[in-house]
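Notes to accompany the following structure.
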Amino acid sequence: MRIAVTYDNGQVFQHFGHSERFKVYDVEEGRVTLATTVNTNGSGHGALADILKKLQVDTLICGGIGGGAKRALSEANIRLCGGVSGDADKAVEQLLAGELRYDSEATCDHHGEHHGDVCGEHGCGGHDHHCE
């Protein structure tokens, strides 16, 4: 499993389309085995999804994200956990524990069905209502 987080100074960066770097976490057997920072060179909205696809990312944790970027991630089969803020490493730990909170209004097209969803085993990473 490979998780990417929009990244700035240790925190989850809040504007996907303006992300200058991702922190990418390789996960084996439920724990992080390697974490690296990848510069995006100011690629912009559409190219960022392509960078994540080329990096073979499975899941993206981010703050705010627009509809076009959501579609691009969906087309690349990258699960999205958006509306997340705070420490990037802690967000990944929470995801792996099935405890990551995300804002379904900011990231999912559920029309208010799941306020305060949990991203992970039963959240955006694995239930029938996919975050887009």
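Observations, loosely collected:
- Stretchable slack from ALA47 to GLU20, in nm (0.36 nm times residue separation minus alpha-carbon distance): 8.5 nm
- Exposure proxy ranking, count of Cβ atoms within 10 Å, fewest first, for THR6, THR37: THR37, THR6
- Local electrostatic count, LEU55, Cβ distance below 11 Å [Lys/Arg +1, Asp/Glu -1]: 0
- Cβ crowding within 10 Å ranks TYR25, TYR102 as TYR25, TYR102, fewest other Cβ atoms first.
- Max-minus-min Cα coordinates of the range 1-84 on each principal axis give 33, 28, 22 Å, with the largest extent listed first.
- Relative exposure of PHE16, PHE22, judged by other C-beta atoms within 10 Å (fewest first): PHE16, PHE22
- Anchor LYS54: lysines whose Cα lies under 16 Å away (excluding residues fewer than 8 positions away in-chain): LYS23
We did not get these values from a lab; they are worked out from the coordinates using the rules stated. Because the structure is a prediction, the values reported are computed rather than measured. Glycine also receives a Cβ, built like all others from the backbone with ideal geometry; neighbour counts cover every protein chain displayed.
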